[in-house]
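All of the numbers you see were taken from the coordinates with simple rules; none came from a lab. Keep in mind that what you see is a predicted model, and the values were worked out from it rather than measured. Neighbour counts run over all protein chains shown; Cβ positions are idealised from the backbone, glycine included.
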Amino acid sequence: MGADPNSRFVEIYETVYEPILGYVLRRCPHPEDAADVVAETFTIAWRRIEEVPAGDEARLWLYGVARRVLANHRRGERRHEQRTAALRERLAASPALARPPEDEISQMGRVFRDLPDDDRELLSLVAWEKLDHGQISRMLGISRNAVRIRLYRARRRFARSLAKAGIDHPRAVALEGSSL
Amino acid sequence: MNLADVARVHDKDLAGEVAAPEAQGLMHAIMSEEREQLTVARPRRKVRRGLVLGLAATATAVAIAVGAGLPGGPATSYANAAVSIEKTDEYFSVNITDPTADRRRFEEAFRAVGLNVTVKVVPVAPSEVGKLIGPIVPDGFTWHGSIGTQSIEPCSSAFCAKVWMPADFPGRVVFGVGRPAKPGEPYADEAAVDPAGEEALSGYVSRGKTVADVRAELRRRGLKTGYRLVWQYPDGGFFDEAVPANRVKDHWTVASTRPHSSDTVDLYVTPGKDAGPAPSPHPQPEWYDMPD
């Protein structure tokens, strides 16, 4: 890689900490829990520093790791560690994160929350992480064609659920500049 | 309404968070840990990217190289009957004119601009014919810069893409070009199966059904069944092991299905509790592992 593991890890951490924190916060019901997921994600990157790809690919790689760590977290694997205590406190006290997630207060948010996990994740990667098909395919390790097909189906199911929930014009819901 | 508004927080709201003492403290805490070797190897197929090719086109069989730099060094652009490649500051612009051309024409063009890659012509499903598969780095990509492709549309050739790859990458890099598979000939996989559900049968969801149910559906459609056990490892990796039918119980659950050949569909099966311990990953050689 050229750089030693320490300086490489620092560079990766400094570059992608914020997008990874954002990715996790947007998917964790409680902001403070994000601290443990972020810590675990970067610990895996530290242990496998030789495997972390260079450039922006590192962000995609870490999204993939965070996704798996989050899945374990949802399955009940909760580890509050001493090393994350300070960050937990910071996130719990953050005014930016104080309001309840939109998926609890808006009708569209509730419909979105109730989508199948895979649909919600794909749509989120487009709308929240702003990833294109190629980036999603690299992150999930599936073909671009598979991404295209699954996104198409996810959009369709979302539109159908919105219609069912009484949102009459699901096409008014925008996803990255285009309607559903 | 915009779906982006449903997000609790946007990345821009987090600007500067990495400089917070709590975030820096966490970084140092992580780095104080030993970087122990993981016991489970990463499953095969680490880096794969697939791209779509259009229909074949033809071109005159003339190779044109535009040189720059030292005599004998790589050209900045190269074109032959199959492909033209142009080096820019950041990436290589690749236009394929004839995806049915001999693989050596592609290799010759990549080498002319300084990229040492292998191109293989591989059997694929009818819908995949003409696709460019890769770049695949069988030993993993751990180098500076990045490796990957992005297709460009609209494209006046059969296929247009940007290719990123450091010219000094010493490892083996393989691209595949899809050709029609013969009846019963196994397809070359483009990417690892998604253990979270990939479906091979139109109008039928196999995920979550029992092996017996999905096999019955395949039989109804006149298709044969292949089996792969999907072993999950604590590090998040997985390994799919090709097994004979007698290793699979009827009541186990299907996670994914994928076409294996023109007459066979592979069931990716979650091993039941009675399956015994997960084996160490022992991947079979893939098409890109074969000698050039």
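A few points about this structure:
- Seen through its C-alpha gyration tensor, with square-root eigenvalues sorted a ≥ b ≥ c, the stretch B:211-281 comes out prolate because a/c lies at 1.5 or above while a/b is bigger than b/c.
- Across the alpha-carbon set of the stretch B:122-279, the Rg to Rh ratio works out to 1.03, Rh being the Kirkwood radius.
- Neighbour counting of Cβ atoms within 10 Å sorts the residues A:Ile149, A:Ile12, fewest neighbours leading, into A:Ile149, A:Ile12.
- Inter-label distance, B:Asp13 to B:Ala216: 5.0 nm, where each label sits 7 Å from its Cα along the C-beta direction.
- Other protein chain C-beta atoms within 10 Å of residue C-beta, averaged over B:12-18: 5.
- Considering only B:Tyr227, B:Phe238, B:Pro281, the residue lying farthest towards the positive end of the dipole of the stretch B:211-281 is B:Tyr227, judged by Cα position with unit charges set on Cβ.
- Straightening the chain between B:Asn2 and B:Ser280 buys 95.5 nm, computed as 0.36 nm per residue apart minus the Cα-Cα spacing.
- Relative to the current alpha-carbon distance between B:Ala245 and B:Ser127, full extension at 0.36 nm per residue lengthens the span by 39.7 nm.
- Cross-link pairs exceeding 29 Å between alpha carbons, from the set B:Lys87/B:Lys182; A:Lys130/A:Lys164; A:Lys130/B:Lys162; B:Lys120/B:Lys162; B:Lys182/B:Lys249: B:Lys87/B:Lys182; B:Lys182/B:Lys249.
- Label-point separation in nm, A:Gln107 to B:Gln232, each point 7 Å along Cα→Cβ: 3.7 nm
- Charge dipole of the stretch B:115-260 (Cα centre as origin; +1 on each Lys and Arg Cβ, -1 on each Asp and Glu Cβ, all else neutral): 600 debye, rounded to the nearest 20.
- Cα shape, the stretch A:1-98, gyration tensor, a/c 1.5 rule: prolate
- Between A:Asp132 and B:Thr88, the FRET efficiency from the beta-carbon distance, with R0 = 25 Å, is close to 0.80.
- Residue-span extension gain [B:Gln24 to B:Asn116] - 0.36 nm each, minus C-alpha spacing: 29.0 nm
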